[in-house]
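Report on one structure; see the data block that follows.
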Amino acid sequence: MESLRRLFPLIGVPLVLAAAGCTESVRRPAERPLVYWSAEDFAAQLGMRLTQQSSAGATMTDGRNTLTIQTGRTGLMFLNGQRLGPPNNAVYQNGKVYVLAARASLVRWELEHMVPSAPPPVVPPPMAARFRATIVVDAGHGGKDPGTNGRGRSYAPEKDIVLAIARDLAQQLRERGGSVIMTRWGDSFLELDDRCRVAEKAHADLFVSIHADSARRADASGTTLYIGRSASNESVRAARAIEAALLRSGVECNGIQTAGYRVLVGHSRPAVLIECGFLTNAADCRRLNSPAYRAALAQAIADGIAAYFSR
């Protein structure tokens, strides 16, 4: 009891002072509100251009680096295919993506301290990049279906451009040890279900469909990868490997999107559709009409496929 009596003054004094109103009330610090910028403004702060936004997230690029930001509590950021920072980065409201403004400093630091990647060597791939797999390469459109011509911008229609890329891709894959089946070798028309049947009959390890894009906006540019809405894990991994290879080669990439395209969902094999650029964009159109660029693009796609099968 004596010990309690000795402690009482120490305990009692604050209680008496508090009762008399002599102490300051303990206030909970005010929470700082979260500030969101629209995806367009976020991109502008980084010197980038917004290339797409949807309920799944947004993609932006400066022509060399590509930033993908996913929405939702578990949404992540990826800079050039590599995860960056914590989750919960963006929200989707009223048809637009809004990004936490605080993330801009993180991305800016990464961009400023990023070690420039060397361009891929224009030499045959090393033995480590060789693989054994069956790949169906599908050149989109053909015959009576020319595809887009970029509203008159392109010297050649889409069907000719994608066939040239597909042929180069087939050669690159064969040099790496792959077994390649083309859905068309020339200017012939093939129904979508017939293309799907080729993949199914061959028990393809991967189906790759090559296309060129178009848009109402003339500034829309870059490659885009598509997988089915309920894509298998193998399709996802293949798309990520190709995306990483495109970014390493310096090709502008708008990320991986999901779609219900028949050639992606009309068969049971892993599948990726690649839009190789926008024929409605002047710069993309010039590149896609260049045999040298088409060959370099095919090599980058082949590098990604080789990396996927060599994992």
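Rule-based calculations on the coordinates, nothing more; no lab input. As the structure is a prediction and not an experimental result, all values here were calculated from the model. All Cβ positions, even for glycine, are placed from backbone atoms using ideal geometry, and neighbour counts span all protein chains on display.
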Practice item. Starting from the Cα-Cα distance between Ala282 and Tyr155, subtract it from 0.36 nm times their residue separation and give me the gain in nm to one decimal. Key: 44.6 nm
Review point. Label-point separation (nm) for Ser38 and Val91, each offset 7 Å from Cα along Cα-to-Cβ?
Key: 1.7 nm
Point to revise | Summed side-chain charge close to Glu175 - residues other than Glu175 whose Cβ falls under 15 Å, Lys, Arg +1, Asp, Glu -1 | key: +3
Check your understanding: In region 127-309, what percentage of the DSSP-assigned beta bridges are antiparallel, given to the nearest 5?
Key -> 15 percent
Review point. Between Arg108 and Ser230, what is the label-to-label distance in nm when each label sits 7 Å out along the Cα-to-Cβ direction?
Key: 4.5 nm
Check your understanding: Of the peptides 171-183, 143-155, 264-276, how do they stack up when ordered by the mean number of other Cβ atoms within 10 Å, highest first?
Key -> 264-276, 171-183, 143-155
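Taking N as the number of residues in region 26-98, what value does Rg over Cα atoms divided by 2.2 N^0.38 Å take? Could the numbers behind the result be given before it?
Values: Rg = 13.7 Å, N = 73, 2.2 N^0.38 = 11.2 Å.
Normalised Rg, Cα atoms only: 1.22.
Per 0.36 nm of contour for each residue apart, how much would the distance between Asp62 and Arg132 grow if the chain were fully extended, relative to their Cα-Cα spacing? Numbers along the way, then the final one.
Details: separation 70, 0.36 × 70 = 25.20 nm, distance 3.63 nm.
Separation in residues times 0.36 nm, less the Cα-Cα distance, equals 21.6 nm.
Would you kindly work out the equivalent ellipsoid of region 127-309 from its C-alpha gyration tensor and give its semi-axes, the square roots of five times the eigenvalues, largest first in whole Å? Present the calculation step by step, with values, prior to reporting the outcome.
Values: eigenvalues 104, 66, 51 Å².
Gyration-tensor ellipsoid for region 127-309: 23, 18, 16 Å.
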